[in-house]
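Enquirer: Let me begin by handing over the structure; questions about it come next.
Any read-out appearing in this document is the output of simple, stated calculations on the displayed coordinates, not a laboratory observation. All values derive from a computational prediction rather than experimental measurement. Heads up, the Cβs are rebuilt from the backbone with ideal geometry, glycines too, and the neighbour counts pull from every protein chain shown.
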Amino acid sequence: MSTMQVDIVTPDRKVFSEQAEMVIARTTEGEIGVLPNHSPLAAMLQISAVRIKQDGREVIAAISGGFMEVKPESVTILAESSEFPEEIDVERAKAAKERAEKRLREKQENIDFHRAELALNRALNRLKVAKKK
Ligand code: ATP
């Protein structure tokens, strides 16, 4: 099966850099499955899980939003943060979820509301991905 180079990069580290057969990601326009030789494309990504098909297995990584660049020979994801299931600290994500829910209940200024919503989404996404361990 043909492969392409797949990279996930955050400001802190290179999370993933390997050949793979397919990438499934959630862009702001909807879910996209990318195979080798895809036409060039750039898209913003949602807080979501990226799924990478490689050698008959599926690698999953949580990403906190970001940007995806597709070329015929590669997929590059630049994410604000990214973790594999086994890297996720479930207690930390639960605490972040509770903090965000508390802020949302308190209904402060709009800007805090939006930040709390994003924090809640990140925490829920991590909790979901952590279950895929
Ligand atoms: P918190 O409030 O717990 O810091 P956050 O959503 O604000 O959560 P981010 O700003 O998205 O955190 O991430 C900061 C750094 O911490 C990143 O390197 C990210 O990978 C890491 N990180 C955040 N939450 C977790 C978690 N539950 N388990 C492992 N790493 C995490």
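Enquirer: Could you state the orientation-averaged shadow area of the convex hull built on the Cα atoms of the range 88-130, in nm² to one decimal?
Expert: Values: hull surface 9.9 nm².
The number I arrive at for the range 88-130 is 2.5 nm².
Enquirer: Within the chain, how many Lys pairs that are eight or more residues apart, or on different chains, come under 23 Å at the alpha-carbon?
Expert: Lysine pairs satisfying the spacing and distance rule in the chain number 23.
Enquirer: What does the charge dipole of the chain about its Cα centre add up to, to the nearest 20 debye, if the Cβ of each Lys and Arg holds +1 and the Cβ of each Asp and Glu holds -1?
Expert: Working: 22 positive and 22 negative charges, 112 e Å.
Approximately 540 debye in magnitude.
Enquirer: Given +1 on the Cβ of Lys and Arg, -1 on the Cβ of Asp and Glu, and no further charges, what dipole in debye does the range 88-130 carry about its Cα centre, rounded to the nearest 20?
Expert: On the way: 12 positive and 8 negative charges, 24 e Å.
Charge dipole, the range 88-130, about its Cα centre: 120 debye, nearest 20.
Enquirer: Here is a further query. First measure r as the distance between the Cβ atoms of Glu91 and Ile60, then evaluate 1/(1 + (r/R0)^6) with R0 = 25 Å and state the FRET efficiency to the nearest 0.05. Walk me through the numbers before you get to the answer.
Expert: Details: r = 20 Å, r/R0 = 0.80.
E(calc), rounded to 0.05, equals 0.80.
Enquirer: Let me ask something additional. Suppose the chain between Leu41 and Ser2 were pulled fully straight at 0.36 nm per residue; how much longer would it get relative to their current alpha carbon spacing? List each step's numbers first, then the result.
Expert: On the way: separation 39, 0.36 × 39 = 14.04 nm, distance 1.93 nm.
That pair, Leu41 and Ser2, stretches by 12.1 nm at full extension.
Enquirer: Could you state, as a whole-number percent, how many of the C-alpha pairs of the chain are farther apart than 20 Å?
Expert: On the way: 4102 of 8778 pairs.
Cα-Cα pairs in the chain separated by more than 20 Å: 47 percent.
Enquirer: State the three equivalent ellipsoid semi-axes of the range 10-55, derived from the C-alpha gyration tensor as the square roots of 5 times its eigenvalues, in descending order and whole Å.
Expert: On the way: eigenvalues 55, 52, 23 Å².
Gyration-tensor ellipsoid for the range 10-55: 17, 16, 11 Å.
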